[in-house]
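Asks: Below is the structure I would like to discuss, written out as structure tokens.
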Amino acid sequence: MLILFDIDGTLLTTSGVGIHAMGAAGKRLYGPDFDEHCVEYAGRLDPLIITDLLIKHDQEPTPEAIERFRHAYATELEALLHTPGIAQPCPGVVELIDALEQIETLTLGLLTGNYPETGRRKLSACGLDPDRFPIAAWGSDSPHTPAAREHLPPVAIDRFHRTGTRRISPEQVVIIGDTPHDIACARANACRAIGVATGRFSVEDLATSGADLALHTLAETDAVIQWIVQPRESARVDVVPDTHC
């Protein structure tokens, strides 16, 4: 079984420095009037976010312009992530990762809108080793144009198969995320979905979006693991721990 985690709002919080870094990159490249708040971020792919930012500021989103912005964004983000305590794992994440790693039939992975260089930096900044997730589908990995998050589960499954361990079906893939986009990409690919309300969206939002399991946080380690390894016919469960991200 393959467990694919989103990063922002699911595994960790960075106090919004990703958006601030986008703004700093835009101001460096295009001047002080650049407004990073004019587009939607939650659950979206970074290449699409950058494309929208360029269009909103009357810039042609050529591959060269996108790559230039990507590099500037990574530089700004790295500087911001040096602030002590700016990146923190969400409640229960460390304990859940530790427990899942002990189950030999499970493989951990990432399915995220981040670029690999920025996603790995965020994980490292909050004390999570990126190499604990041997399978990853990044925001720049869509094989189609226009790119979409729904394209990423097949990428992750293919990379899992290339490890040569065993083959899995989409039903053996669990996608964990904090936005309706995460849920939609799971459902579009016949994967199971856990929605966790440690981002902008509530448990009710995620359940309505079609999450098979909707949680306030990932702090209920035993309940999450039981649901993953013993899927039930009636899968949606609302677990309400005491803490929030």
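Asks: Return the residue satisfying two criteria in turn: it lies in region 114-134 and is in a helix (DSSP H, G or I) and in contact (Cβ under 8 Å) with a residue 60 or more places away in the chain, and of such residues it is farthest from the chain's Cα centre (by Cα).
Replies: The extreme case among them is Ala125.
Asks: Still on this structure, I have one more. Taking interchain pairs and intrachain pairs at least six residues apart, which have beta carbon atoms under 9 angstrom, with the first residue in region 48-63 and among the aliphatic types (A, V, I, L, M) and the second open to solvent by 50 Å² or more (accessible area, probe 1.4 Å)?
Replies: Qualifying pairs under 9 Å: Leu48/Pro146; Ile49/Glu40; Leu53/Asp35; Leu53/Gln59; Leu54/Tyr30; Leu54/Glu60.
Asks: Return the residue satisfying two criteria in turn: it lies in region 160-186 and is in contact with a Phe, Trp or Tyr (Cβ under 9 Å, 6 or more places away or on another chain) and open to solvent by 70 Å² or more (accessible area, probe 1.4 Å), and of such residues it is nearest to Ala211 (Cα to Cα).
Replies: Across region 160-186, the extreme among qualifying residues is Arg167.
Asks: Another question, if that's okay. Could you list, in sequence order, all residues of region 154-210 that are within 16 Å of Gly43 (Cα to Cα), in contact (Cβ under 8 Å) with a residue 60 or more places away in the chain and in contact with a helix residue (DSSP H, G or I) (Cβ under 6 Å, 6 or more places away or on another chain)?
Replies: Ile175, His181, Cys185 - these are the residues of region 154-210 that are within 16 Å of Gly43 (Cα to Cα), in contact (Cβ under 8 Å) with a residue 60 or more places away in the chain and in contact with a helix residue (DSSP H, G or I) (Cβ under 6 Å, 6 or more places away or on another chain).
Asks: Of all residues being in a loop (DSSP other than H, G, I, E, B), buried (at least 18 other Cβ atoms within 10 Å of the Cβ) and of a type outside the set (Ser, Thr, Tyr) in region 190-215, which is farthest from the chain's Cα centre (by Cα)? Just the residue, please. Break it down into steps so the answer makes sense when it comes.
Replies: We begin by selecting, within region 190-215, every residue in a loop (DSSP other than H, G, I, E, B); these are 190-191, 197-202, 209-212.
Among the residues that remain, those that are also buried (at least 18 other Cβ atoms within 10 Å of the Cβ) are: 191, 197-199, 201, 209, 211-212.
Retained after the next criterion (residues that are of a type outside the set (Ser, Thr, Tyr)): 191, 197, 199, 201, 211-212.
Working: Cys191: 16, Ala197: 13, Gly199: 11, Phe201: 14, Ala211: 15, Asp212: 18 Å.
The residue in question is Asp212.
Asks: Right, another one. From the list Leu81, Leu123, pick out the single residue that is modelled with pLDDT of 95 or more, within 21 Å of Asp46 (Cα to Cα) and touching an Asp or Glu at 6+ places or on another chain (Cβ under 8 Å). Spell out how you get there, then give the answer.
Replies: Details: Leu81 fails: touching an Asp or Glu at 6+ places or on another chain (Cβ under 8 Å).
Just one listed residue meets the conditions, Leu123.
Asks: Condition first: within 24 Å of Ala125 (Cα to Cα) and in contact with a Lys or Arg (Cβ under 7 Å, 6 or more places away or on another chain). Now tell me which residues in region 10-42 satisfy that.
Replies: Once the filter is applied, which keeps residues that are within 24 Å of Ala125 (Cα to Cα) and in contact with a Lys or Arg (Cβ under 7 Å, 6 or more places away or on another chain), region 10-42 yields Leu12, Thr14, Ala42.
The values are calculated or read from the model by the stated rules, or taken from the named source; none is laboratory data. Predicted, not measured: the structure shown is a model, and the values here were computed from it. Methodologically, a virtual Cβ is constructed for each residue, glycine included, from the backbone with ideal geometry; neighbour enumeration extends over all protein chains shown. Note: areas computed on protein heavy atoms with side chains; ligands, DNA, RNA excluded. Shrake-Rupley method; radii C 1.70, N 1.55, O 1.52, S 1.80 Å.
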